[in-house]
Amino acid sequence: MYELWIIILIHQLIFQGMFVTKNIILAKKIGESIRGKNIEATIASSFFGFFIVTSLVIGLFKPSFAELHLVSSSVATTIGIVLILLNLVISATSLVNLRDSWRVGVLEGQKTELVTSGIYRFSRNPYFASYFTLFVAYTVMTQSLILLALSIIGFLVTHKMVLKEEAYLSSAHGVDYENYKNSVPRYLIV
């Protein structure tokens, strides 16, 4: 049986590695910070860190007081690994397709191109959809009620940040963003 904390750790090294690499390369390329200082992004980033650390701890210690056994451990791990792979594909594609328009949070002083091609033809927020996939993957793999509760909070925190970003994009891109918003779902299905 695979050790869940090792799977989560390897996934995070890849996932966060892609994120950090994109941030460093783009910040050097444009010569400016790509990190917004808005409260929604700060809360979401802090929550993501807390969720990941909690996932690692649960994967390592497997606390029995908060287990939810719906399927066997091997089935749960297999489903989790498939979702992790999906997360990596969605997030990598999002990072590549957004090109120089990638930002972490809202930076109102920077005007970026509105990207509507590639994976952005199917979702206005595929990178955040990849986070939702991560929440589900870790929750299923660990079969943890704690991660289930944190995933629900994570969906809400992420959604609030997305609403902030969408309001900014609407003000920055006007009718072009409104047309895009009316033709492409916010995440992958809604």
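The values are calculated or read from the model by the stated rules, or taken from the named source; none is laboratory data. Treat the numbers as computed from the prediction; the structure is a model and nothing was measured. All Cβ positions, glycine included, derive from the backbone under ideal geometry; neighbour counts span all protein chains shown.
Quick look at the numbers
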| quantity | calculated |
| --- | --- |
| Top-ranked residue in the stretch 120-162 [being buried (at least 22 other Cβ atoms within 10 Å of the Cβ) and aliphatic (A, V, I, L, M); ranked as farthest from Ala66 (Cα to Cα)] | Met161 |
| Answer residue from the stretch 33-48, given it is surrounded by 12 or more Cβ atoms within 10 Å (Cβ to Cβ) and of a type in the set (D, E, K, R) and is farthest from Lys164 (Cα to Cα) among those | Arg35 |
| Flag if Phe51 is surrounded by fewer than 14 Cβ atoms within 10 Å (Cβ to Cβ) and either out of contact with any His (no Cβ under 7 Å at 6 or more places or on another chain) or not in a loop (DSSP other than H, G, I, E, B) (or both) | no |
| Hits in the stretch 108-149 (condition: of a type in the set (A, V, I, L, M) and in contact with a Pro (Cβ under 7 Å, 6 or more places away or on another chain)) | Ile119 |
| Only one of Ile90, Ile79, Ile14 that is in contact with a helix residue (DSSP H, G or I) (Cβ under 7 Å, 6 or more places away or on another chain), among the hydrophobic types (A, V, I, L, M, F, W, C) and buried (at least 16 other Cβ atoms within 10 Å of the Cβ) | Ile90 |
| Options Leu134, Leu156, Leu147: the member that is closer than 28 Å to Ser101 by Cα and more than 12 Å from the chain's Cα centre (by Cα) | Leu156 |
| Any chance Ala76 is farther than 30 Å from Leu163 by Cβ and among the small types (Gly, Ala, Ser) | yes |
| Pair list, Cβ < 6 Å and 6+ apart or interchain, from the stretch 48-73 residues that are closer than 11 Å to Thr139 by Cα and charged (D, E, K, R) to residues that are surrounded by 16 or more Cβ atoms within 10 Å (Cβ to Cβ) and modelled with pLDDT of 90 or more | Glu67/Gln143 |
| Hits in the stretch 110-119 - residues which are within 20 Å of Ile25 (Cα to Cα), surrounded by fewer than 16 Cβ atoms within 10 Å (Cβ to Cβ) and free of Cβ contacts under 8 Å to residues at least 40 places away in the same chain | Glu113 |
| Enumeration of residues in the stretch 67-121 that are part of a helix (DSSP H, G or I) and of a type in the set (Phe, Trp, Tyr) | Tyr120 |
| Residues of the stretch 7-26 satisfying the condition of being aliphatic (A, V, I, L, M), without any contact (Cβ under 8 Å) to a residue 40 or more places away in the chain and either within 25 Å of Leu145 (Cα to Cα) or in contact with a strand residue (DSSP E or B) (Cβ under 8 Å, 6 or more places away or on another chain) (or both) | Ile10, Leu13 |
| Given (1) under 24 Å from Ala172 (Cβ atoms); (2) touching a Leu at 6+ places or on another chain (Cβ under 7 Å); (3) at pLDDT 95 or above, number of the condition Trp102 does not satisfy | (3) |
